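Here the structure is laid out as structure tokens; the discussion comes afterwards.
The values are calculated or read from the model by the stated rules, or taken from the named source; none is laboratory data. Everything numeric in this text was worked out from a predicted model, so none of it was measured. No Cβ is skipped: glycine too gets one built from the backbone with ideal geometry, and neighbour counts run over all protein chains shown. Remember, those area values only see protein heavy atoms, side chains included, never the ligands or the DNA or RNA. Shrake-Rupley method; radii C 1.70, N 1.55, O 1.52, S 1.80 Å.
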Amino acid sequence: MHRSAARFSSTLGFLMGAVLMLASSSAWAGGGRKVPDLRRDTQEWVRPRAAAAMRIPVTFHLATDSGASVASNRVVQEWVTRANEELSPFGIEVDVVAVRRMPAGWSEVTHWKTRRALAGHAPHDGTVHVFAIEALDEQGRRARRVRGLHWRYRGLAPGLRGREYLVVTREAPTTTFAHELGHLFGLRHASRADNIMCSCRRGQEVGFSLSQGATMREGARRLLARQDAGNLGPSRIARRRDRR
């Protein structure tokens, strides 16, 4: 009985020693000691690593009519919420840094000259400028019902070079802001009715495809690089806002 217990104890000790030797060899693999981080490793087992979100700083400009904003803060929040729902799977997030009321006279933007003049309210300050207005089409053409616009100046005028902005009308569907952001990030129109980039989209069950998401992420990266090269990049905006 005593000999069996001694033999069992000896065998157990041998096995434990072998395990420790193997663990030590693994820890020193590659020429340096590797100390496992169990908390980090467990998190990697449980869930995949998500792409770091790129925050797109946005300034909203609310057109006014008779002293009142044509679009309420609630409506704008609905646009932003829907856009972030569609963009977040691709590591992009809209970050509203300012909401400003515009002077009278901008509730309808129906002519190319007015669109160019509107660019004067979209300075190079490191944010994407979005104008919430009443109408984009003329009175006699309301059947067309243009709900949104991505405008970018491609001429040579020094004061307008590189200016771009988005416009969303008050009665636009909640997906219109996301649609115009898609254009901002480099997407063209799509033909499927279940795609946000299709002008024929209907209802709420629409979204971006995986290939569109990859294109938008690259477009967002380039946009942030252009903004950082300007007068006030997103990093400076964050620091300025933290000081408030």
Could you run through region 167-187 and say how many residues are over 21 Å from GLU93 (Cβ atoms) and modelled with pLDDT of 95 or more?
2
Could you please give the count of residues in region 147-167 that are in contact with a Lys or Arg (Cβ under 7 Å, 6 or more places away or on another chain) and under 19 Å from CYS198 (Cβ atoms)?
0
Tally of residues being in contact (Cβ under 8 Å) with a residue 40 or more places away in the chain and of a type in the set (Gly, Ala, Ser) across region 54-97:
5
So, THR114, is that one in contact with a Ser or Thr (Cβ under 7 Å, 6 or more places away or on another chain) and farther than 24 Å from CYS198 by Cβ or not?
no
Would you call VAL130 out of contact with any Pro (no Cβ under 9 Å at 6 or more places or on another chain) and modelled with pLDDT of 95 or more?
yes
Would you confirm, using the coordinates I've provided, whether GLY203 is in a loop (DSSP other than H, G, I, E, B), open to solvent by 40 Å² or more (accessible area, probe 1.4 Å), modelled with pLDDT of 95 or more and not hydroxyl-bearing (Ser, Thr, Tyr)?
no
Could we say that ALA104 is open to solvent by 40 Å² or more (accessible area, probe 1.4 Å), among the aliphatic types (A, V, I, L, M) and at negative phi here?
yes
Please state which of the following conditions ALA193 fails to meet, knowing it meets all the rest: (1) without any contact (Cβ under 8 Å) to a residue 60 or more places away in the chain; (2) part of a loop (DSSP other than H, G, I, E, B); (3) open to solvent by less than 40 Å² (accessible area, probe 1.4 Å); (4) closer than 18 Å to ARG82 by Cα.
(3)
